[in-house]
Every structure is written in C-alpha cells, then in structure tokens.
Amino acid sequence: MIINGRRYIFLTILVIMRKTLIIIGILLATFIGLLYVSLSSTDNVFSTCEILGIADIEEIDFTEHDSVLVAASTLYKSTLIKDIFQGSQYREVWAAPIKVPIVFLDTLEGGMEILKEGGGKQTHSLKLRSKDGFVFSLRGVNKDPKALIPEFAKQLGLENIIVDGISAQHPYAALVAAQLADKAGILHTQPKVLFVPKHEHLGTYNNKYGDRLFLFERETEGGANWTDFEQVKEIIDTDDLQELRKEHGEKVTIDKALLIRARLFDILIGDWDRHAKQWGWVIQEKNEKFNAIPLPGDRDNAFFTIEGILPTLISNRHILPGLQSFDKEIDYLPGLVMPFDIYFLKGAELELFLNEAKKLKSLLTDESIDAAFEVWPNNVRELNAEDIANTIKSRRNNLLDYAQAFRGILEEREFLVEPLKGSEDKSAQEVNFSCFDCNAL
C-alpha cells in the first residue's frame, strides 16, 4: 500500500510537471509568435521625412516656397502588440506634422561650401563652411541604423529591434536642450530644424541628402570663433586637445567647473551617451597659457525613453548599463559615468561638484524649464512637453545627491588604460591615455 501510494504521488507529480511544461511551451510559443508579429510590422530599415500635402515631390519647385509641412518619419507607426513589446516611446511625435523653413546651400548663411561627408553609425551628415569661415553641419533627423544591425539579427528576421529603437529618441530634443543650456550657462551648437530640397549645389550628394529634414548646427571643431568668449585661438576636438596638452603641459588647462556643470546637465536631460567625440573645446590663449572651455554637441539621446518588454530587457543594467530611460529617478548612476569623465574629472574636489549642482538648480527654475519648450511647435509641445519638463524638474530637485554620488563613483574607478574614443589612432607619445592631468610632459 505504501509503495502504491508513493507510485501514485510520483505519477501525479509527473502529470503536473508535464502539464506545466506544456503550458510553458504554449506561453513561450505565443510570446515568440507575438514578438515576430511586432517585429514584422515593417520591412524598412531607413526612410526619410514624409512631405505632407504634396502628391509628387518631383513636380514641386521648392524655390517658390519658403516652408514645407513634414513628418519626420512614419516608419515607427505602431500597433497595440508593438506598443506592448517595443514600447510607444516617441512614435507619435516622429509622425507629427511640423512646418519648417526651406533652405538652399548656395544661399544659406550667405552660401555654404561642402567640406566633407561625416556622421556616425546612424547619422548622415555634411560638414559645411560659410564664406566668412564659420563651420556648420547638416545632421539628418532621420537615423540610419543599418550599420548597427548584427548578422544574426538579419538571419532571424529581428532587424526591427534595432530599427525601431530609434523611436526612443525624440527627433526635436536638441532644440529644447539648447534652450535649457542657455539658461544653464552652457555652450551648445545652436541647432535649427531645416528642410533641404534636391538642388544642383548639393552636387554628388544630391540623391543622398536632397529632400531631407536636418538639424543645422555649429560644428564642435574648426572654423572661426562663433562664441562670445574673447581671445579664442581655435575650436578643436578632444584628441587635438590631448595633443595640445601633451605639447604644452600644464600651460593647458580645462575649465573643470563648466565641464562638471555640463555633465550634470547631461544627467538632467537624460543624455546617456556622452563619449569624447561628442565634445569640442573653445581654446582661449592668454599670456602663453591655454584655457579649454567645453562645447557639448550631438543631443540625439536627450530625453531618451525606453518602454515595452524588449527595450526594457535589453537596457537591463547587467547587459547595457549605460542605456537608460529618461525617468524621474535615475535607475543606475554608475552606468552614466563615462571614460570621458574619468579622463577629465577624476580627482576634482567634491566642493566643485556640489557648487555646480547648486548653480544648476538655481538657474533651471520651473519657469525657465517650462519656457524652453516654447521652441517646439504647438502640437509637439502638447504631445511631450509636460512629461519631459516634469521629469527634468524631478531630477533637478535631487541634483546635489546625484553630484555627490557621481563624484564618488569617479573616485572609485581606475585611471584609463585605453585611449578615449576618437584617439584610438594616437600613440602614447602623442597623447596621454590615463588622464588629462597625468604626466603632461
């Protein structure tokens, strides 16, 4: 009887386990099926802006118009399943119509010369120079993620995970970030949203860059001085600053207070990707000494918002600690401390961090934060301004705590043993890999 009772219990457990495995299998199959439905909503990897109210763009003479109504992209249109799996994020604003000025390079700022094609892995851009020597860039609002899609994702039909991730970026974040930077006393690249039609002045770049929506902004290196700072020798990028430091030693210093303020500002606006290539430096020369003033660029990831099952799983701190959503409370501050910070700011006094945090808190009042969103069209403001403004205010209220913690994390990190991004081709004789203040000569 005891043996039969044990056998009955054993068989019951087996039945329960079998049913459980079947249920798990059904749930897993359903999950995978819904996932593929979510990912198959579009086969497109890249698209440019959509011009509204125009049936045939080839029939339009844009020289007869001063503005155009466009949607930045309709590539991220969604369904309920897609919202659940990949998040709603900023899909609505990508598809929202906005009115933007039409410009031609031969008349923009008195006429522009195309210097070269630039851009990172996602952004198509052209570097331009005006007749009076100022350097600008046209950076495509629409991102092209083809270079970021791994081969296995293509084989499994999962490209849309990468493509759709761009909907986490706000297409017009840079405009508000610039307004906030003005209030905070931080340099920015003075971005504007423009539409550039196809035109003979684009030359060989016509097909790739014509009829597109761009951010037109100042460059973070080269060209004549456009800032309000006096005695400016040049505007350079980070690897050139490293070389200048190596050449002149302690005669070259950076404005650490302004850099700390700028980095705390990055945290406030949720701009999580701040590597060395995204910074320029305004070099003042006084009495044979050089002072480098930080110039942040590239605000593609300001207000970056992660929603949905897949993005939330991918952005886990144990997988991608730096990829963080713009929420009222920072999820994982150590993930926001970059090699750039270690290189330039490790060893800076705590008092400096706290003083800059206090300044930011006093400068970015509720009124100044709300006013920054007036740069957006009404329909864009209605979609996003209130939520984003409230998140900034919440982060601002905790800024002293973030500043103290940020500095503490810096001091726990070791000095660098590898070159900063953008300096990989430099030798140890040309730049110092460890930190800016280490063994300058």
### Query
At a Förster radius of 56 Å, what calculated FRET efficiency corresponds to the Cβ-Cβ distance of residue 365 and residue 233, to the nearest 0.05?
0.95
### Summary
Per GNM of the chain with C-alpha springs under 10 angstrom, the most fluctuating residue out of 254, 293, 409 is 409
### Query
So for the stretch 227-441, Kirkwood radius off the Cα pairs, Stokes-Einstein at 25 °C and 0.890 mPa s: how many µm² s⁻¹?
133
## Note on the structure
Partner aspartates and glutamates whose C-alpha sits under 13 Å from that of residue 233, ignoring same-chain residues fewer than 8 away, are 221, 285, 288
### Message
Neighbour counts of other C-beta atoms within 10 Å: give me 314, 162, 283, 260 arranged from fewest to most.
### Response
314, 162, 283, 260
### Query
Any idea what the alpha-carbon Rg over 2.2 N^0.38 Å comes to for the stretch 163-222?
1.40
### Task
Quick one: grab Rg to one decimal and Dmax as a whole number for the chain, Cα atoms only, in Å.
25.2, 101
#### Entry: Whole-Hz couplings from phi, Karplus 6.51/-1.76/1.60, listed for the stretch 315-326; x for Gly and Pro
8, 4, 4, 7, 9, 10, x, x, 7, 10, 7, 7
### Task
Have a look at the stretch 367-407 and give its Rg and Dmax from the Cα atoms, expressed in angstrom.
12.8, 39
### Query
What is the chain's relative contact order, in percent, from Cα pairs under 8 angstrom and six or more apart in sequence?
15
### Query
Applying the Karplus parametrisation 6.51 cos²θ - 1.76 cosθ + 1.60 with θ = phi - 60° to the phi angles of the stretch 368-384, what ³J(HN,Hα) value in whole Hz is obtained for each residue in order, glycine and proline being reported as x?
6, 5, 4, 5, 4, 7, 5, 6, 7, x, 4, 5, 6, 4, 4, 6, 10
### Task
Compare the Cα positions of 435, 193, 280 along the charge dipole of the chain (+1 at Cβ of Lys, Arg; -1 at Cβ of Asp, Glu; about the Cα centre) and return the one farthest towards the positive end.
435
### Query
Between 177, 252, 238, whose Cα lies farthest towards the positive end of the dipole of the stretch 167-278 when Lys and Arg beta carbons carry +1 and Asp and Glu beta carbons carry -1, centred on the Cα centre?
177
### Message
Whole-Hz ³J(HN,Hα) for each residue in the stretch 76-93, computed from phi via Karplus 6.51 cos²θ - 1.76 cosθ + 1.60 with θ = phi - 60°, x for glycine and proline: what do you get?
### Response
9, 4, 10, 10, 4, 5, 5, 4, 5, 7, 10, x, 7, 6, 10, 4, 4, 6
### Task
List the residues whose amide H sits under 5 Å from the amide H of residue 128, counting only those 5 or more places along or on another chain, with H placed 1.01 Å from N in the peptide plane.
115, 136, 137, 138
### Filtered GluC sites (Glu not before Pro), the stretch 365-436: DSSP coil and at most 12 other beta carbons within 10 Å
414, 424
### Query
Picking from 170, 201, 65, which is most flexible by a Gaussian network model of the chain using Cα springs under 10 Å?
65
### Message
Within the stretch 322-430, count lysine pairs with alpha carbon atoms under 16 angstrom apart where the residues are 8 or more positions apart or belong to different chains.
### Response
5
### Message
What percentages make up the Cα-Cα pair-distance distribution of the stretch 236-284 when the bins are 10 Å wide from 0?
### Response
23, 50, 23, 4
### Query
Among 415, 353, 304, whose mean-square fluctuation peaks in a Gaussian network model of the chain (Cα, cutoff 10 Å)?
415
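A short reminder: the numbers here are calculations on the coordinates, not readings from a lab. None of the values given here were measured: they were computed from a predicted structure. Because the Cβ atoms are built from the backbone with ideal geometry, glycine has one as well, and the counts that use them run over all protein chains shown.
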